Amino acid sequence: MYKLMGNKKLLVLMVSLIIFIALFGMTLSGSRENATPPERFVRDNVAWAQTLFNRPARFMADLVQDIRDIRTMYAENKALRLTLTQYSRDTMKLNELEAQNLRLKDLLGFTEKQKAANNYRYHPAEVIAYSSDPYSKVITVNVGARDGVKKDMAVISIDGLVGRVIDASDFTSNVQLLTAIDSVSATNSESDKESASTPTKGISATVKGKESDSFGVVSYDPETGMLIMSKISPSDPIAEGDTIITSGIGGVFPKGIVIGTVKSKEVDKLGLNYIAYVQPAADFIHLREVLIVEKPE
Amino acid sequence: MRRSLLVSIMMLIFLIEGTWMNWLIPVDWQSRILVSPHLVLIVILFIGIYWNRHYGLFFGLGFGLLHDVVFYGPMIGTFCLGYGLVGYMAGLMPFRNERNILTTLFIVAAGIFGFEWLIYGIYRLMNVIHTPPDWSFLRHIFPSIVTNLLLALVFYIPLRKLMERVRAPQRVKEQE
């Protein structure tokens, strides 16, 4: 007679379930600081092998891209030349403003620490691998703790904010994309203490040009595929088409990284505050080079 | 010796899954709908079907843990539990004695279906995601099953050859 499960098997199943649930609880990324040495060792070694696989993939992708580029070359060249003239004009202005800024800071008696506050260091990194887990959305990049990368640093591409470092090994680090920051737990994170330990924390943001009046918390809404900026107060001047940037209030993320543009604004579920739907500036799917931003201590 | 050959082949597949698959899957399938390639899981299911459930379990636990450590995101253990359980279940399927392309693909589809729901359930339970189940099914689980079934179909012949060549050393007794 076919019996589905003997007593012994049932016991094994139950014990292993308990072990797994304990494992989930212990390794929740919000509740622990750093990965253990064996994990780091495995990750670094696998990443080394993955870079070997990446080389031909990159070569092929470049080839396809080159062929595609030939057609758009002329128009692009024209546009680039235009931006270049604008750029040189801006640089001139920037140099002047920077010198003025420095002079004024001296005049006002800024401390060395305050002066260095906006001196970010950028670590260029190559994306090595993508997780096949549809929910965690983790990518691995090839700089790590040895290069000065730490947990929770901001990761950007040339278009805008991409995500944050979730854990740094010695030579590689894992990056959680912005699209994994779940909107429900992110919006609750400040009100209740419990979900402060969940792995997804929202990013504090503001509007470019209205930095002093605007504030909200950015997270991702998988159902619309857009970012949601929540906790916007009714007096906030935020409007459609505004550029959303990081506010730097959280202390970990630097100020002024572009997140996206506002698509629409509406009253939130409770009717007290507003939420805004934000089209992300960065492309999260085919990332190749990213920059990890290190804030000065 | 033979098992170590299989382990190294699976290691290669694991590396390919992380590095190449993202470029091979069209952009559209990763934005409007979300397709996740599970090449390693397909091989684990084949091991469960063509060898026996114990090997499915061990390979599943091992490579699941590797995936969890390498792509450490919210927590460790989800893929370990999922791969292990699904690999074991594949070996329990009743009609695995008449292995042909149809039954094999059916088990692969069922395995991926079970696996996707399992990790969805775990993440929902641990407060990592909050998408409703019907939405997740339509946008992500169903497209993933179809895509992975296609991948399994493409690799059916080579995988079957591999399984028959690298046979399980001894037959573990089957009756309960």
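Which of the GluC sites (Glu not before Pro) found in region A:30-133 are loop residues per DSSP with 13 or fewer other Cβ atoms within 10 Å of their Cβ?
Numbers: sites: A:33, A:39, A:76, A:96, A:98, A:112, A:126; in loops: A:33.
Answer by residue number: A:33.
Cross-link partners of residue A:201 among aspartates and glutamates, defined as those whose alpha carbon lies under 12 angstrom from its own and excluding same-chain residues fewer than eight positions apart: A:152, A:182, A:190.
Take every pair of alpha-carbon atoms less than 8 Å apart whose residues are at least six positions apart; their mean separation over the length of region B:37-164 yields a relative contact order of 29 percent. Going from the fewest other Cβ atoms within 10 Å to the most, the residues A:286, B:54, B:38, A:123 appear in the order A:286, B:54, A:123, B:38. Between residue A:13 and residue A:267, the modelled label-to-label distance comes to 5.1 nm, taking each label 7 Å out from Cα in the direction of the beta carbon. Pairs exceeding a 21 Å alpha-carbon distance, out of A:115/A:295; A:208/A:255; A:255/A:295; A:210/A:263; A:231/A:265; A:263/A:295: A:263/A:295. Counting Cβ atoms of other protein chains within 10 Å of each Cβ in A:46-54 and taking the mean gives 4. Among the trypsin sites (Lys or Arg not before Pro) found in region A:225-272, those both in a DSSP coil and sparsely packed, with 11 or fewer other Cβ atoms within 10 Å of their Cβ, are A:269.
Normalised by the number of residues in chain A, what is the relative contact order in percent for Cα pairs under 8 Å and 6+ residues apart?
Over chain A, the number comes to 18 percent.
Taking only the alpha carbons of chain B, we obtain Rg and Dmax values of 15.8, 48 Å in that order.
For a straight C-alpha distance cut-off of 28 angstrom, the lysines reachable from residue B:161 (same-chain residues fewer than eight places away being disregarded) are B:173. On a 0 to 90 degree scale, rounded to 10, what angle separates helix A:37-108 from the longest Cα axis of chain A? For helix A:37-108, the angle is close to 30 degrees. Just to confirm the filter: which trypsin sites (Lys or Arg not before Pro) across region B:1-63 are DSSP coil and have at most 12 other Cβ within 10 angstrom of their Cβ? Those satisfying the criteria are B:32.
Where a number appears in this text, it was derived from the coordinates with a stated rule and is not lab data. Because the structure is predicted, anything quoted here is derived from the model rather than measured. When we count neighbours, we look across all protein chains shown, and the Cβ atoms used for this are built from the backbone with ideal geometry, even at glycine.
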